[in-house]
Every structure is written in C-alpha cells, then in structure tokens.
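Here's the structure, in structure tokens; my notes come after.
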Amino acid sequence: MSKPKREYTIEFEQNAMELSYARGYAAEVCRELGLNPSVLGRRRREAKKYGKNSFPGKGNPKLTEEQRKIAELKKRLRDVEIERNIPKKAIDIFS
C-alpha cells in the first residue's frame, strides 16, 4: 500500500527553502524536517524560475510576472468585449 500524499503549508516550504540556502546543504535540511529531497529541490528550482509566484496554491498555475499580467489583461479585454456587445444584442432584439 502506498503512503498518503503529504501536504505542506506554503510557509513551511518557504522556510525550508530559506534554511537550505542558509546552510548550503539541502539534503541535511530534508533529513531534519522529514522532507523528500526531490520536493525541496523542485521548490528551489521553481523559486528561481518563477520568483514570488512559485507558491500559487492548489489549482493555480505558476506564472511569471509577465504571464500573470498578460492573463489579467486578457480577462479584462474579454469583460470589455462582453460589455460592448450588450447594446448590439439589445438592438437586434428590439428591431
């Protein structure tokens, strides 16, 4: 039977990552905290690539700052297009 998946809080993972950078040895920190070394290694790579957006939470994609801004602008554009089309639809209905 496989082990259940362990869930770590964002703060715990960030503190573990900072501790591993401070000490210089990720394997030692993993043994002390009971982490799998691959978890800490993955988090360190993600933090380097995505910066502060590397811990988005469940179901949220990891985005760089530029990608997050682009997604936000696309959403705003979609909302404005919907608002723009409302009068057109009203004119079609009443014509």
Item checked: Selection count, the stretch 60-95, where residues are among the polar types (S, T, N, Q) and either within 20 Å of Ala47 (Cβ to Cβ) or in contact (Cβ under 8 Å) with a residue 24 or more places away in the chain (or both) -> 3
Check: How many residues are over 17 Å from the mean Cα position of the chain (by Cα) and surrounded by 13 or more Cβ atoms within 10 Å (Cβ to Cβ) if we restrict to the stretch 29-39?
Finding: 5
Check: Can you pull out the residues in the stretch 1-39 that are assigned to a loop (DSSP other than H, G, I, E, B) and under 23 Å from Lys62 (Cβ atoms)?
Finding: Lys5, Arg6, Glu7, Tyr8, Thr9, Leu35, Asn36
Checklist line | Among the residues listed as Arg42, Arg6, Arg23, the single one being touching a helix residue (DSSP H, G or I) at 6+ places or on another chain (Cβ under 7 Å) and either surrounded by fewer than 12 Cβ atoms within 10 Å (Cβ to Cβ) or of a type outside the set (A, V, I, L, M, F, W, C) (or both) | finding: Arg23
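Every number here is computed from the coordinates shown, using simple stated rules; none is lab data. Quick caveat: nothing in here was measured; it's all calculated off a predicted structure. Cβ coordinates were reconstructed from backbone atoms using ideal geometry, including for glycine residues, and neighbour counts include every protein chain displayed.
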